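First comes the structure, then the notes that go with it.
The values are calculated or read from the model by the stated rules, or taken from the named source; none is laboratory data. All of these numbers come straight from a predicted model, not from anything done at the bench. Glycine gets a Cβ as well: all are built from the backbone with ideal geometry, and neighbour counts include every protein chain shown. Side chains are part of the model used for accessible areas, which takes the heavy atoms of the whole protein and leaves out ligands, DNA and RNA. Shrake-Rupley method; radii C 1.70, N 1.55, O 1.52, S 1.80 Å.
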Amino acid sequence: MKPNRPIVITGFMGCGKSKIARELARRLNVLLVDLDEKITHRETRSPARLIVEDGEPAFRAIESATLRNVLETKTAGVIALGGGAWIEETNRKLIDQYGCITVWLDAPFEVCWARIKASAEERPLGKTRSQARQLYDRRRPVYKLAEIRIEVQGRKTIDDLITQLILTTDYTDE
Ligand code: S3P
C-alpha cells in the first residue's frame with residue numbers, strides 16, 4: 001500500500017512530528033525526509049543554530065529553499081516539517097502545488113511544553129513557557145488549514161493517522 005501523494009506532517013514543537021513521520025514512512029515503506037535534518041546536513045548547522053546565529057528570516061529562507069528542493073526531487077513519501085515551516089504561506093503554497101496530503105498533529109500545549117523542556121534539543125523560539133504558549137496560540141489557526149487533523153494521544157496516534165490516510169487518499173497496491 002503506497003499513497004499516491006507525498007504526506008507532509010506539521011504541528012507545534014514537541015508534538016512528535018519526527019517520530020510519527022518515521023513510523024509512518026516505515027509502515028508505508030516510503031522514503032522519509034525530515035526537513036530539519038536535511039537543513040542541518042546541507043548547512044552543517046542545525047535550524048536552532050541558524051536562528052541564533054543568522055536570525056529567523058535567514059533561517060526561513062533556507063527552510064523554504066530546502067523544502068522546494070525536497071519536493072522537486074519527488075522522492076519523499078513522508079516529509080516531517082519543522083514547527084514553523086507550515087506557518088509560512090510560501091511553503092503552504094508550495095506544498096499545495098505538489099499535491100501533498102497535509103497532516104496536523106494536534107497535541108495539547110502542556111504535552112508539547114513538557115517535551116520541549118525535557119529535550120536536550122535547542123529551541124530558540126520556545127525558550128520560556130510564555131514564549132512557547134504565545135507562539136502555540138498564534139499558530140493554531142494556521143495549523144488548522146492542514147487537510148487532516150490528528151489528535152496526539154500516545155500509541156493510538158499512528159493507528160488513527162493510518163486509518164484517516166486510508167479514508168482520505170488514493171493508494172497504489174504494492
Ligand atoms: C521551529 C521548530 C523547530 C526548528 C526551528 C524552528 C519553529 O523544529 O525547525 O527551531 O519555528 O517552530 P521542531 O518543530 O522539530 O522543534
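At-a-glance table
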| quantity | calculated |
| --- | --- |
| Residues of the stretch 150-163 satisfying the condition of being open to solvent by 40 Å² or more (accessible area, probe 1.4 Å) and either of a type in the set (Phe, Trp, Tyr) or touching a residue at least 40 places away in the same chain (Cβ under 8 Å) (or both) | Glu151 |
| Any hit, the stretch 118-126, residues being open to solvent by less than 70 Å² (accessible area, probe 1.4 Å), under 28 Å from Asn69 (Cβ atoms) and out of contact with any helix residue (DSSP H, G or I) (no Cβ under 9 Å at 6 or more places or on another chain) | yes |
| Scope the stretch 12-37; condition aliphatic (A, V, I, L, M) and over 18 Å from Glu63 (Cβ atoms); matching residues | Ile20, Leu24, Ala25, Leu28, Val30, Leu31 |
| Subset of the stretch 102-138 [closer than 18 Å to Gly154 by Cα and of a type in the set (Ser, Thr, Tyr)] | Ser119 |
| Residue within the stretch 142-149 that is surrounded by 15 or more Cβ atoms within 10 Å (Cβ to Cβ), modelled with pLDDT of 80 or more and of a type in the set (Val, Ile, Thr) present | yes |
| Helices (runs of 4 or more DSSP H) wholly inside the stretch 19-103 containing at least 3 residues that are in contact (Cβ under 8 Å) with a residue 24 or more places away in the chain, in contact with a helix residue (DSSP H, G or I) (Cβ under 6 Å, 6 or more places away or on another chain) and open to solvent by 50 Å² or more (accessible area, probe 1.4 Å) | none |
| Residue tally, condition farther than 22 Å from Pro141 by Cα and either outside any strand (DSSP E or B) or near the ligand (Cβ under 10 Å from one of its atoms) (or both), over the stretch 2-18 | 3 |
| Residues located in the stretch 105-155, provided they are within 14 Å of the ligand (Cβ to nearest atom), charged (D, E, K, R) and assigned to a loop (DSSP other than H, G, I, E, B) | Glu121, Glu122, Arg123, Lys127 |
